[in-house]
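Heads up, the thing below is written out as structure tokens.
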Amino acid sequence: MKKLIFAIGIMLCMAGCGASKQNITVEQPTENSVKKAVVTETADVPQTQDGETAQNTDTAANDTIVVYFSREGEQYNVGVIDKGNTAIIADIIAEEKNADMFRLYPAVDNYPTAYKELTDYAKKEQAENARPELLGTIDNWEDYDTVYLGYPIWWGDMPMIVYSFIESYDMSKKTVIPFCTHEGSGMSGTDEKLKQMLPDSTVLAGLAVQGKTAQKNDDSVKQTVKDWLADK
Ligand SMILES: Cc1cc2nc3c(=O)[nH]c(=O)nc-3n(C[C@H](O)[C@H](O)[C@H](O)COP(=O)(O)O)c2cc1C
């Protein structure tokens, strides 16, 4: 049902929310590895000369990682964005938990940047039960006890690349904490699905944030995430 509502939403959006053809370029990296959280507090934080926030230089082994998938480009309800909705939530979690980060990219990026094309592409990928190959690896996977797993809801489910990730790494004995962004479906049962898929992991209840809300990236979004993290 939630999928159907979303499908109707897509049609309305195509008709009315200005999903015009534009030249949208999104750079995909050629290499991918674990990153440190980006810290935005001012105290003791290295700043680049032009004032940009630098990455956390703490090199101590970390037991928490945020793994997420997210797309820039044209997205439902928010137009063309240069930072994905899920990426925004992932950054907040990583900063709060001082966690490492690994963003899921496909080894070969065929995802369209125009919204309608992306929905068609994702639908096909889902119908084929595809497992897109991942770019890069988490070499120190055994260091992590806790995995925050983030994704946008695509057609009522996790994007297939998230399944690629889950099946590529030993998730047993890890605590898996899902979070997603969406435009009406909430978690869409994905946390329950993860529980079934990962019987040897501890899967906690997820956080679902509307993509449009996440994109604001304001204090209220940060507070929502902090409140959810409080008992984790
Ligand atoms: C291929 C595709 C399918 C989507 N399917 C759904 C859906 O079934 N339910 C929903 O609520 N939102 C759906 N959305 C909206 C996204 O979940 C939402 O825009 C999300 O915030 C995008 O996150 P990102 O910017 O991190 O990629 C879909 C978006 C795309 C591109």
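The values are calculated or read from the model by the stated rules, or taken from the named source; none is laboratory data. Note that the structure is a prediction, hence the values are computed from the model and not measured. Glycine gets a Cβ as well: all are built from the backbone with ideal geometry, and neighbour counts include every protein chain shown.
Residue-wise test of (1) in contact (Cβ under 8 Å) with a residue 40 or more places away in the chain; (2) crowded, with 18+ Cβ neighbours inside 10 Å.
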site	(1), (2)
Leu104	yes, yes
Lys116	yes, no
Tyr121	no, no
Ala130	no, no
Tyr148	yes, yes
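Look at segment 204-227 and say how many of its residues are away from the ligand (no atom under 13 Å from the Cβ), part of a helix (DSSP H, G or I) and surrounded by fewer than 19 Cβ atoms within 10 Å (Cβ to Cβ). Number of matching residues: 7.
Results for (1) crowded, with 19+ Cβ neighbours inside 10 Å; (2) within 16 Å of the chain's Cα centre (by Cα); (3) in a strand (DSSP E or B), shown as yes or no for each residue.
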position	(1), (2), (3)
Ala61	no, no, no
Ile89	yes, yes, no
Glu95	yes, yes, no
Met101	yes, yes, yes
Asn110	no, no, no
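Can you find, within segment 77-87, the residue that is nearest to the chain's Cα centre (by Cα) among those that are in a loop (DSSP other than H, G, I, E, B) and surrounded by fewer than 23 Cβ atoms within 10 Å (Cβ to Cβ)? Applying the filter and picking the extreme gives Lys83. Taking Asp170 as the residue in question, decide whether it is modelled with pLDDT of 95 or more and not in a helix (DSSP H, G or I). Answer is yes for this residue. Residue-level check: of (1) away from the ligand (no atom under 16 Å from the Cβ); (2) at pLDDT 95 or above; (3) hydroxyl-bearing (Ser, Thr, Tyr), Tyr111 misses just (1).
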